[in-house]
Amino acid sequence: MEDNGTKFLMEKALEVRQTLFKTICKGGGGHTPASLCIVDILLALYHRVLRVSPDDANSPDRDRFILSKGHACVAQYAVLAERGFFAPSHLDTFGRRGTILGGHPDMHKVPGVEASTGALGHGFPFGVGAALAGKMDFKDYRVFVLLGDGECQEGSIWEAAMFASQRRLDNLVAIVDYNGLQAMDELDKIVSVSPMAEKWKSFGWATKEVDGHDLEKLIDVFGSIPFKTGKPSLIVAHTIKGKGVSFMENVPIWHYRMPDEAEMKTACRDLDMEEF
């Protein structure tokens, strides 16, 4: 049974999906399905897990979150705005000249963004370095990195995974957004990364799998980290790419495509929002 807090987050998830969809459409482009599918993960982190506050966002003791799949940044923008890291009015500037909100996140411009990401395979090694620095400085902060499953085809991911395991970085949590799709097709038709959890386990990580849209289960699994002392933790979050918009769900062509007028009406109906 869901508690009132979980119910609140479920309602907030719909609001965030509405916000990011409107932001991308008004901005003229963006990775809508990749953003829609990580909303629940981000809300669980920013509302229940991360020890970070917009009032003290640069504290050396804060937890770090890194969106390694940087093309899904509008989801993070929507959540950061909702949490008070910057004014929601900035969302109206997405896609316009002079905005702080680019098509990939910029750590030098966007409050709450810990790493400039977008080139896949780079954010995760950055996070490994941040976790190592925490150990070396005797800090107790945690580092959470959200990766795409297609991103796990990059060799740099596995080099960093080996390093993190050898250095016993149990302050590091990697979350794989496992929807089975990448830009052009299904992962298994391009370069298979299955079985995902077993691969990471063989690299020395403690692993768990979870429904990436079940907020109660997400909060529970985050609450059990580190899964094993002396080992970094890996969460395989099973998601639906395009979650919430019927014609986008699990359809590769929507990786970057924008809806036409008829599709816009359907999307607004799916997301329980007024047309704009």
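Nothing in this text is a laboratory measurement; each read-out follows from the coordinates by a stated rule. What you see is a predicted model, and the numbers here were worked out from it, not measured in a lab. Glycine gets a Cβ as well: all are built from the backbone with ideal geometry, and neighbour counts include every protein chain shown.
Counting lysine pairs in segment 189-236 that sit 8 or more residues apart in sequence, or on different chains, and whose Cα atoms lie under 23 Å apart gives 13. Order by neighbour count: Tyr256, Tyr141, fewest other Cβ atoms within 10 Å first, most last. Fewest-to-most ranking of Tyr256, Tyr141: Tyr256, Tyr141. Approximating the spin labels as points 7 Å out from Cα along Cα→Cβ, the Met107-to-Arg269 distance works out to 4.5 nm. When all alpha-carbon pairs of the chain are counted, what percent fall beyond 32 Å? In whole percent, the share of Cα-Cα pairs in the chain beyond 32 Å is 18.
Under the criterion of Cα pairs below 8 Å and six or more residues apart, the relative contact order for the chain equals 21 percent. Cross-link candidates for Lys139: which aspartates and glutamates have Cα within less than 19 Å, leaving aside residues fewer than 8 places away along the same chain? Here the aspartates and glutamates satisfying the reach criterion relative to Lys139 are Asp56, Asp61, Asp63, Glu114, Asp170. Here the Karplus relation 6.51 cos²θ - 1.76 cosθ + 1.60, evaluated at θ = phi - 60°, turns the backbone of segment 33-46 into coupling constants of x, 5, 7, 4, 7, 10, 4, 5, 4, 5, 5, 4, 5, 6 Hz, with x for every Gly and Pro. Segment 70-141 and segment 44-61 have Cα centres separated by 13 Å. Residues Thr23, Thr207, Thr99, ranked from the fewest to the most other C-beta atoms within 10 Å, line up as Thr99, Thr207, Thr23. Straight-line cross-link reach from Lys22 at under 18 Å between alpha-carbon atoms covers these lysines, not counting any fewer than eight positions away in the same chain: Lys12, Lys241, Lys243, Lys265.
Would you mind finding the longest exposed-site-free stretch of the chain, with exposed GluC sites (Glu not before Pro) meaning DSSP loop and at most 16 other Cβ atoms within 10 Å?
Working: sites that count: Glu2, Glu274, Glu275.
By the stated rule (loop sites, at most 16 other Cβ atoms within 10 Å), 3-273.
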